[in-house]
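Worksheet: the structure to be examined is printed underneath.
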Amino acid sequence: VNILVVLAVLVVFALLRFRRANLFAWAVAWWVGCYVFFRFGFTAPIPSSANVYVQMNVPLEPPFFPRTIHPASPPEITVHDKKIPIETGDSPFRGLETSNPQEFRKHLDNGRRVYYQNCVFCHGDNLGGNGMYVHGLDPIPTNFADGDTIANLQETFLFWRASKGGPGLPEEGGPWDSAMPAWEKFLTEDELWDVLLFLYDFTGERPRAVETHQ
Amino acid sequence: MISRAMSLASVAFLFALMGAWSMGPTSPQLQAQGPDLGTDAQRESGKTLYLKYCVQCHGEKGDGEGYATQHLFVRPRDFTTGKFKVRTTPSGALPTHQDLVNIIRRGMPYTSMPAWPGLSDQEVSDLAYFTKTFSPDFAVAENVPKPLELPSAPASTNETIELGKKLYEENGCLKCHGALGRGDGPSASTLIDDLGHPIRAANLTQPWTFRGGPTREDIFRTMTTGLNGTPMPSFADALPPEQRWAITDFIASLSASIEPGYSRLVVARYSLDPIDPAKGGASFESAPVARLPIVGQIMEPGRQFHPPTTSVTVQAIYDAESIAFLVKWHDMGADRTGKNDPTLPVPPEEEVVTRAAAGSGAPSGGVFGDQEVQAGAQPSAADPFAEPAATTAPPSEFSDAVAIQIPTATPTSARKPYFIFGDGQNSVDLWFFDLARPEPFQFTGRGSASIEPNDTGDVTGVASYDQGEWSVIFKRPLRASAGAPFVPGEFLPLALSVWDGFSRERGNRRGLTSWYSIYLEPQVVPSAIGPMVRTALIILVIELAVIGWVRWRNKQNAREELGAKPSHPAATRA
């Protein structure tokens, strides 16, 4: 029995009695009161003790942190002493795709090399976020090949994530748990941009366009 | 006439074609006769896929020299040799087409060769056809592989396991795999493959890491066919199938499960007896075993891409004053010489696995390091079944080590220190045990570049090494002057690191875990029976009271309606 519910129903009835309600109000009150009593106020002894048992035997779960998966980026970051605007910036090599395809291909190949020498262990051979160390990581590495994640993000956002890694996440992203390295420690700025070109090329995705406010 | 003869000939030709067509794909005889190299279109399609998915590791020439090779251990297969490990064919023979398809499909667990479940059957088959183009051996008719008959597994009994254990010892399996199968045999540290690269004997107690698969059929097949290009020989000629099955049963009996069953939580049990590390692992029998995966430290400079340790088991107990951890892992040798320290620098060159000098048979540094070079040069490396030349291993430059990491202060929110040695705002307390020393030593970590000694003497420990397994006990008061307190009924973040001195692991070159949790199970786990009975009784009493009250009211009303004399007339309803 949920005492509070039963008391609430009784109080309503008492009020109705002293207000000298008409027959219609009484009928409605009986209907609603009975429904509330049986739906929320009534518990048989055996089911309720089963409920007690279930509540006392919840499997132990380590504390859960509800992290934000793609937290807002800072407006600007500094990588290798160079300021990179995140919201308004763009990959310096993206334009080569149309203006100089041969040069673009060189950057792609370099990005491919960088990926398979550094990223493959967690993000996987087919970029599916299923590398050989996934079983030991939480949060798990991003799946680039799922068809929409990187397509929804600007290249500069990925540049921020790759260059600053887990330690560069804001609080809501849980920077203490993320195994994403701050790749600026290992890679040059060009290598970082190149590997992002490779991610989009391999998966056949396009980066989210830079939004211009005119 | 001529046209008549021509039409007859063409009809006969058509029939012959149809015959060949109807036999072609179904007849095993036809397949077994010539090399199965696929069509130009299949190889071309395979090439396209290879250049997208495989070339990064296996290289454009198929020689296993791709972009990633410098960081990989086990090294990618060199297809030009025609030597493949996982096959259904006799030792030294080429694999069948299906063998190649299977290995692409399933991958090799705990290596950098992933499974490819996303490719279609057609695509995997095309890839296998293209793989064959790297070695001329596949085109030679005499080399067409004849698969061995691999029956399904007979029942395993205690007798076959006993027999298997005997045969395992008699046939020299323990020289590499160790007496208890932990990959710690006397020859284990000297093993090299046909190309002179260091290689490790499988840890038979961890079937989830078996390259060819964990089932008894898989183990039997590996023992029957051997692993080409490695020191693992075929026992097809040496042992009859029953004996191979017996050894298979023994190997399968070494592990409780073919799954690792990784945990995220270490539960510490209350111990009625005061904790005494000198008693060893026996005190921990009641505590549940948590297996935690170890991954390479590839986030901070001084990276270790393939630590030899792939998991540790952790158990914990506590009493009124202290808590104790028992950490166990497998290591093919105890390195008790040299030194180790979480602050030791690692030069960037060591991140790269250097290519072994071709043909010299001696690896040059890299994954195993200098000692391996010496060890690899010993004649015993060529034949793992020869008696080890030297019983005493050369002294290691770096010793084995292990560390438990907890936050310096109990986290008040979800915020924890960075899992690699903490960060500037939130530091960690590191219980570092250099296994060349008698006692652990504490450090305070504020990031990899800022680790300082901070030994309070609170953490004590005992370490022992037996048959390929380190067992290390740490003990600390529940509340100590450094490090967060352990409180019964509460969680605390916990992480571990393991260093293998033989693989030159020190400082940030190591295997580590992410943050997991330790929970101290309260001394008395409240039984659910009491609260259950109490709830049931309370509800019963309330319900009886309600029913009684309603009945009493009914009786009262009935009496009034019957004109019975009310006890208080004035109190009747208006």
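The values are calculated or read from the model by the stated rules, or taken from the named source; none is laboratory data. For clarity, every value in this text was computed on a predicted model and none was experimentally measured. Here Cβ is always computed from backbone atoms with ideal geometry, including for glycine, and neighbour counts include all displayed protein chains.
The figures follow:
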| item | result |
| --- | --- |
| Residue identified as small (Gly, Ala, Ser), in contact (Cβ under 8 Å) with a residue 40 or more places away in the chain and under 27 Å from residue B:307 (Cα atoms) among B:283, B:271, B:253, B:234 | B:253 |
| Filtered residues of segment A:113-146 (kept if basic (Lys, Arg) and surrounded by 21 or more Cβ atoms within 10 Å (Cβ to Cβ)) | none |
| Scan of segment B:400-430 for residues that are touching a residue at least 24 places away in the same chain (Cβ under 8 Å), surrounded by fewer than 24 Cβ atoms within 10 Å (Cβ to Cβ) and polar (S, T, N, Q), ordered by number | B:408, B:410 |
| Residue match in segment B:4-13 (condition: away from every other protein chain (no Cβ under 14 Å), in a loop (DSSP other than H, G, I, E, B) and modelled with pLDDT under 95) | no |
| Residue match in segment B:288-307 (condition: part of a strand (DSSP E or B) and more than 14 Å from every other protein chain (Cβ to nearest Cβ)) | no |
| Looking only at segment A:64-85, and only at residues there that are within 13 Å of chain B (Cβ to nearest Cβ) and surrounded by 12 or more Cβ atoms within 10 Å (Cβ to Cβ), the one that is farthest from the chain's Cα centre (by Cα) | A:65 |
| Qualifying positions in segment B:248-286 - over 14 Å from the mean Cα position of the chain (by Cα) and within 14 Å of chain A (Cβ to nearest Cβ) | B:264, B:265, B:266, B:267, B:268, B:269 |
| Residue within segment B:198-211 that is part of a loop (DSSP other than H, G, I, E, B), in contact with an Asp or Glu (Cβ under 7 Å, 6 or more places away or on another chain), in contact (Cβ under 8 Å) with a residue 60 or more places away in the chain and at negative phi present | yes |
| Qualifying residue in segment B:66-75 (condition: without any contact (Cβ under 8 Å) to a residue 60 or more places away in the chain, surrounded by 20 or more Cβ atoms within 10 Å (Cβ to Cβ), of a type in the set (A, V, I, L, M) and over 25 Å from residue A:123 (Cα atoms)) | no |
| Sole residue being over 20 Å from residue B:69 (Cα atoms) and surrounded by fewer than 21 Cβ atoms within 10 Å (Cβ to Cβ), chosen from A:175, A:167, A:207 | A:167 |
| Subset of segment B:432-445 that is surrounded by fewer than 24 Cβ atoms within 10 Å (Cβ to Cβ) and more than 12 Å from residue B:343 (Cβ to Cβ) - its residue that is farthest from the other protein chains (Cβ to nearest Cβ) | B:438 |
| Residues being part of a helix (DSSP H, G or I) and either facing another protein chain (nearest Cβ under 7 Å) or in contact (Cβ under 8 Å) with a residue 60 or more places away in the chain (or both) - total across segment A:115-130 | 7 |
| Inter-residue pairs, beta-carbon under 6 Å, first closer than 15 Å to residue B:549 by Cβ and in segment A:1-28, second surrounded by 11 or more Cβ atoms within 10 Å (Cβ to Cβ), 6+ apart | A:1/A:43; A:1/B:539; A:1/B:542; A:6/A:41; A:9/A:33; A:9/A:36; A:9/A:37 |
| Residue that is in contact (Cβ under 8 Å) with a residue 40 or more places away in the chain, closer than 23 Å to residue A:65 by Cα and either in a loop (DSSP other than H, G, I, E, B) or of a type outside the set (Asp, Glu) (or both), where the choices are A:179, A:151, A:162 | A:179 |
| Which numbered condition residue B:219 fails, given (1) surrounded by fewer than 24 Cβ atoms within 10 Å (Cβ to Cβ); (2) farther than 23 Å from residue B:333 by Cα; (3) under 20 Å from the mean Cα position of the chain (by Cα) | (1) |
| Residues that are at the interface with another protein chain (Cβ under 7 Å from one of its Cβ atoms) and of a type outside the set (Asp, Glu), drawn from segment A:131-152 | A:132, A:133, A:135, A:136, A:137 |
| Filtered residue count, segment A:132-148, keeping only those that are more than 14 Å from the chain's Cα centre (by Cα) and touching a residue at least 12 places away in the same chain (Cβ under 8 Å) | 7 |
| Hits in segment A:165-176 - residues which are at the interface with chain B (Cβ under 8 Å from one of its Cβ atoms), within 15 Å of the chain's Cα centre (by Cα) and part of a helix (DSSP H, G or I) | A:166, A:171 |
| Number of positions in segment B:42-94 that are in a helix (DSSP H, G or I), closer than 29 Å to residue B:217 by Cβ and of a type in the set (Gly, Ala, Ser) | 1 |
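Per-residue answers, yes or no, for (1) at pLDDT 95 or above; (2) closer than 30 Å to residue B:106 by Cα; (3) touching a helix residue (DSSP H, G or I) at 6+ places or on another chain (Cβ under 6 Å); (4) outside any loop (DSSP other than H, G, I, E, B):
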site	(1), (2), (3), (4)
A:59	no, no, no, no
A:67	no, no, yes, no
A:108	yes, yes, yes, yes
A:113	yes, yes, yes, yes
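Listed here are the residues, each with its yes/no results for (1) among the charged types (D, E, K, R); (2) crowded, with 20+ Cβ neighbours inside 10 Å; (3) out of contact with any strand residue (DSSP E or B) (no Cβ under 7 Å at 6 or more places or on another chain).
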residue	(1), (2), (3)
B:105	yes, no, yes
B:114	no, yes, yes
B:119	no, no, yes
B:168	no, yes, yes
B:175	yes, yes, yes
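For every residue, the table says whether it meets (1) over 16 Å from residue B:109 (Cβ atoms); (2) in contact with a helix residue (DSSP H, G or I) (Cβ under 8 Å, 6 or more places away or on another chain).
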{"site": "B:196", "(1), (2)": "yes, yes"}
{"site": "B:205", "(1), (2)": "no, no"}
{"site": "B:209", "(1), (2)": "no, no"}
{"site": "B:215", "(1), (2)": "no, no"}
{"site": "B:223", "(1), (2)": "yes, yes"}
{"site": "B:228", "(1), (2)": "yes, no"}
{"site": "B:239", "(1), (2)": "yes, yes"}
{"site": "B:252", "(1), (2)": "yes, yes"}
